[in-house]
Every structure is written in C-alpha cells, then in structure tokens.
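> This is the structure I have questions about; it appears just below.
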Amino acid sequence: MERAWLFSLIPLTIGVVFLGFGVHGLRRASALRRTGVDAKARIVRHEAMRSDEGATFYHPVAAWTAGDGSTCEYSSRFGRATVGPRFGVGAQVVVRYDPKAPHRFVIEGWDMKAVDLLCVVLGSLFTVGTVTVLLIRLLTL
C-alpha cells in the first residue's frame, strides 16, 4: 500500500465521526419525543463558553420541577452567539426531559435538530465519497 492511501483515512475518519455525532443526536431527540415529559421551566442564567477562535456562545440554563417533585437545573447543549428576549434570564420556556435522566432535555424553540441533520449529511458525504474513491482506486490497479 502506498503512502497516498493513508491520506484517505483522514476524510474517512472525519466522516465517521460526524456521522456518529449526528446519528447520536437524532436518536437522542427521537427518544425524547417518544418518552419525554414536558415541563414549564424558567431560564435562570446563561453559561458563556468561548470557542478556540475566540467567539463566545451562550448556553441557557433552564430550571424546572420534575414530575417526582425534584428540582432540575441544567445547561442546554446548544449555545448561540446572541440570546433574544424569548430566551433571556427569567423567560418562561417549555422543556422536554427524560424522567429517568433529567439532564437529557431540550428547550423548545432553542435546541435544533438541524445541527444533527447537518452532521449526518456531511458525515455521509465524507464517508461514502472516501469509500467510493478507495473502491475505484482498488478496481483500477
């Protein structure tokens, strides 16, 4: 095997990672739709996280009372550069959470399925494209 073949592992690895991340997110969202419980919540603060490029993303922290009476307060897995008044501190929102694991939740209108779908599409393109190129190279040797 030539060294050039090893470079094919880079887009293949990227594709598999993106595909795995996207599929995991879509399965998680599907499970929440099936078995999740809705609750009224309040945004209590925003956790600011800086990316490596220096951009700041704000993750809203929602607080609600679960069906068993326990208090839950968790940060959303999605952050945005700006936060509108609809998701400002003190705003009333609806969350859908897993009663067995309340840290698995989504804020209606904030968490987006589009990110997971984009990861699936990009991962599929990288994976299928790389495998196709490798097969063509193998067949034309």
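> If each of E108 and V128 carries a label point 7 Å out from its Cα toward its Cβ, how far apart are those two points in nm?
It works out to 3.5 nm between the two label points.
> So, one more: Based on a Kirkwood Rh over C-alpha pairs, give the Stokes-Einstein translational diffusion coefficient of the range 64-116 at 4 °C and viscosity 1.567 mPa s in µm²/s.
106
> A further question on this structure: For the range 120-141 and the range 72-119, compute the distance between their C-alpha centroids and round to whole Å.
One Cα centre to the other: 35 Å.
> Another question, if that's okay. With a probe of 1.4 Å, find how much accessible area the chain has per residue, and write the answer as a whole number in Å². Let's see the in-between values first.
On the way: 9160 Å² over 141 residues.
Dividing the accessible area of the chain by its residue count gives 65 Å².
> Also, I was wondering about something else. Full-extension gain between R50 and A63, please, as 0.36 nm times their residue separation minus the C-alpha to C-alpha distance. Working shown, then result.
On the way: separation 13, 0.36 × 13 = 4.68 nm, distance 2.30 nm.
Taking 0.36 nm per residue and subtracting the Cα distance, the gain is 2.4 nm.
> How much of the accessible area of the chain, in percent, comes from carbon and sulfur atoms when a 1.4 Å probe is used?
Details: 5770 of 9160 Å².
Taking all protein chains in place, the chain shows 63 percent carbon and sulfur surface.
> Dividing the convex hull volume of the Cα atoms of the chain by its residue count, what figure in Å³ per residue is obtained?
Details: hull volume 18.6 nm³, N = 141.
Dividing the Cα hull volume of the chain by its residues yields 132 Å³.
> Sticking with this structure for a sec: In percent, what relative contact order does the chain have, based on Cα pairs under 8 Å that are 6 or more apart in sequence?
Working: 219 pairs, mean separation 46.4, N = 141.
The value is 33 percent.
The values are calculated or read from the model by the stated rules, or taken from the named source; none is laboratory data. These numbers were taken from a predicted model, which means no experiment stands behind them. Glycine also receives a Cβ, built like all others from the backbone with ideal geometry; neighbour counts cover every protein chain displayed. For the accessible areas, the whole protein counts, side chains as well, though only heavy atoms, and no ligand, DNA or RNA atoms are used. Shrake-Rupley method; radii C 1.70, N 1.55, O 1.52, S 1.80 Å.
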